[in-house]
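S.K.: Please read through the structure below; I'll follow up with questions.
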Ligand code: URA
């Protein structure tokens, strides 16, 4: 819910009216309330606002021994990426060819024999490698968590304040909503895997107030972590991936898309079926019956696919 108590009350009232009118269209019910001590959530892009900062192909990393050896992906670039377009684009425009990550066309290698061990080792490598980007804003690496053998993987944008504090993905308000969505699917958080395209919090400090304001990660920031996400997916080899919001979708399918347009329609990431849906923090900001129904429809398609 919003930090603004008036807006929060209005949203709650709207939800109660929905319920009273029998319009509760998604089984997870009311949005999570702001918990004491839990900071606000990172604001995912509105689904029609697509960041168009270009990204160069990610580093290619190969596991030489699938079960035990995990090498660090090549280090992040030292120069800033070229920004050649405004921050929102006409989504009909094709993305420049260099946006495509070559790995997207490559088939997945088979998963390692011991996925848990391989993931653990990758986490150690990522922690060590990404420590150089830790600062007073991003105070730790948020690698991802869940079942190494999960059939379902959720991919979000990047850690916010609460995730940075706890070192775990999706533990703020949008994480609480995600938990409810997962439960509504008949699953538990522990049975799925949750990761992000960016592994460190992206935020700017307001020079006047000193407060941090979350923002979508830049291409360079995503590039630092996405090779590790690619590795995580290779290790887990999920049956289905769900992307949450425009940023995750863009980096997973290699082109900017309007989530409103493509949500509910299967995409693929290296042969794995990928379902784009709204980011829970967008849903929290626009907690309408229509939006909840859309997300629930998307998740029902995922449930069907998992059963097949
Ligand atoms: N939003 C995200 O995209 N990822 C998180 O881990 C938390 C909030």
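S.K.: Given R₀ = 22 Å, what would the calculated FRET efficiency be for residue 260 paired with residue 300, taking r from the Cβ atoms and rounding to 0.05? Don't skip to the end; give the middle numbers.
M.R.: Working: r = 18 Å, r/R0 = 0.82.
Taking R0 as 22 Å, the efficiency between residue 260 and residue 300 is 0.75.
S.K.: Something else now. Can you divide the C-alpha Rg of the stretch 182-248 by 2.2 N^0.38 Å and report the result to two decimal places? Write down the numbers at each step before the final one.
M.R.: Details: Rg = 15.2 Å, N = 67, 2.2 N^0.38 = 10.9 Å.
Here the answer is 1.40, to two decimals.
S.K.: Nearest 0.05, what FRET efficiency do residue 190 and residue 105 give at R0 = 45 Å with Cβ-Cβ as r?
M.R.: Working: r = 33 Å, r/R0 = 0.73.
That pair, residue 190 with residue 105, gives E of 0.85.
S.K.: Label-point separation (nm) for residue 205 and residue 288, each offset 7 Å from Cα along Cα-to-Cβ?
M.R.: Here the modelled spin labels are 3.9 nm apart.
S.K.: For 296, 28, 266, what ranking results if the residue with the fewest other Cβ atoms within 10 Å of its Cβ goes first? Don't skip to the end; give the middle numbers.
M.R.: Details: 296 18, 28 21, 266 13.
The most exposed by this proxy come first: 266, 296, 28.
Only the coordinates and a few stated rules stand behind these numbers; no lab work does. These numbers come from a predicted model, not from an experiment. Reconstructed Cβ throughout: ideal geometry from the backbone, glycine too, with neighbour counts over all protein chains shown.
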